[in-house]
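The values are calculated or read from the model by the stated rules, or taken from the named source; none is laboratory data. In this text, all values refer to a predicted model and were calculated from it rather than measured experimentally. Cβ: placed from backbone, ideal geometry, glycine included. Neighbour counts: every protein chain shown.
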Amino acid sequence: MDELPTAEPVIDITDIIDRSAMPVLILEVPSERIVAASPAARELIEPGAHSVVGRNFEEFAAGEPTGGLQLVAAGHIDGYEAHRVFKQTGESWRFWVRAIDESRPIRFVLMVILPATADGPTPIPGRDDEGLLSTVGSTDARLIIDRISTDVERALGYRPQDVIGTSLLAMLDPRDVATILTALAQTASTGRGVTLHTRVLRADRASLLCELVLLPLVPAPSCTFALLPNGSAEVGGVNSEGPSVSTLLMRLSRGLRGATASQVLAALPGRPPAGLARLSSRELDVVSRLLAGDRVPAIAQQLFLSQGTIRNHLSSAFGKLGVKSQQELIELLRPKRKD
């Protein structure tokens, strides 16, 4: 594990990064100096390197920066997705960059490195907190919600049928609409995802702070989204207790998995089965992975769950979709081949 310089104002987060299931870096802003790196991240960006701490991330990445870091530093978004190529290996990777704290100016960001798969969703590992609710869904090009998971009732008090057909913007506190439109413009112009904090209006019209993950769909500005309530209460700064960084990793991976699952299902051709609207975010995640070709053992390993738990999620999804087996589910949802 790379060690932080002793003068570095980051309190004992190296152990947390070292235990992460993903290659992770912490960068200083705006210099992009690497202040912490997990062994997996170090091996990806410069195989065989003794240390990468203290060096600039741009030393290792080919191509021009996306400009997303400037938006994070300015406070317009909290995080963004990018694709870059590592110079030494020539391999393309998918990056999620996320501010560690909410102070201004931003001092440090977390960078999670994921495979850039050509086909199907990027596998996103990460252990879940069973108490962490996430509501996932998608919109059309007018930002009208056309799919949403059943978690919206427990998280925000809305029945799914009352949300579908309404504008995503109508669920947001009016004070944050401009920020959301800026984030949507970023996804539409880059074809990449963003994350940000926003206030969401519950069914009782109380305002609830949530972490929002947006992934683009075609045509723009349609998108998929994942909402995780009470984001700021659980994500501490770089100078707070170590578990806050662990929580940030968990929340980021959970949000990305939810939005990616919704993205996979939003791409299904034709009219979706009625039961699809009755799935929870966890069921959507498992079903999307099944459609991508994964089977129960692989899904369990990716989600750090038992195979029995995965089968329970599938059994619940079978009942809601009116099928009796994995094969029937795949045949129901996968596009039919034309002879």
Count of residues meeting criterion [under 20 Å from Leu265 (Cβ atoms) and in a helix (DSSP H, G or I)] in region 155-168: 5
Whether any residue in region 266-279 is within 30 Å of Ile100 (Cβ to Cβ), touching a residue at least 60 places away in the same chain (Cβ under 8 Å) and basic (Lys, Arg) is what I want to check. no
Conditions: (1) exposed (fewer than 15 other Cβ atoms within 10 Å of the Cβ); (2) modelled with pLDDT of 50 or more. Ile13 meets all but one. Number of the miss? (1)
Residue in region 57-67 that is closer than 23 Å to Arg104 by Cβ, within 19 Å of the chain's Cα centre (by Cα), touching a residue at least 40 places away in the same chain (Cβ under 8 Å) and not assigned by TED's automatic domain parsing to the domain that holds Arg257 present: yes
Do we have Ser189 as surrounded by fewer than 17 Cβ atoms within 10 Å (Cβ to Cβ) and not charged (D, E, K, R) here? yes
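Here's the yes/no breakdown for (1) of a type in the set (Gly, Ala, Ser); (2) outside the structural domain of Leu227 (by TED's automatic domain parsing); (3) within 13 Å of Leu208 (Cα to Cα); (4) within 21 Å of the chain's Cα centre (by Cα):
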residue	(1), (2), (3), (4)
Thr139	no, no, no, yes
Leu143	no, no, no, yes
Ala155	yes, no, yes, yes
Gln161	no, no, no, no
Ala170	yes, no, no, no
Pro174	no, no, yes, no
Ile180	no, no, no, yes
Looking at Leu249, Leu256, Leu228 in this structure, which one is assigned to a strand (DSSP E or B) and at pLDDT 75 or above? Leu228
Would you pick out the residues in region 295-325 that are surrounded by fewer than 16 Cβ atoms within 10 Å (Cβ to Cβ), within 21 Å of Thr150 (Cβ to Cβ) and touching a residue at least 24 places away in the same chain (Cβ under 8 Å)? Gly322
Would region 197-207 turn up any residue that is in contact with a Cys (Cβ under 7 Å, 6 or more places away or on another chain), without any contact (Cβ under 8 Å) to a residue 60 or more places away in the chain, in a helix (DSSP H, G or I) and crowded, with 18+ Cβ neighbours inside 10 Å? no
Scanning region 20-46 for residues that are farther than 21 Å from Ser246 by Cβ and not hydrophobic (A, V, I, L, M, F, W, C) gives Pro30, Ser31, Glu32, Arg33, Glu43, Glu46
Within region 179-187, does at least one residue satisfy the condition of being touching a strand residue (DSSP E or B) at 6+ places or on another chain (Cβ under 7 Å), free of Cβ contacts under 8 Å to residues at least 60 places away in the same chain, β-branched (Val, Ile, Thr) and in a helix (DSSP H, G or I)? yes
Which pairs have Cβ atoms under 7 Å, sit 6 or more apart or on different chains, and link a residue in region 69-91 that is in a helix (DSSP H, G or I) to one that is of a type in the set (D, E, K, R) and surrounded by 15 or more Cβ atoms within 10 Å (Cβ to Cβ)? Val72/Asp78
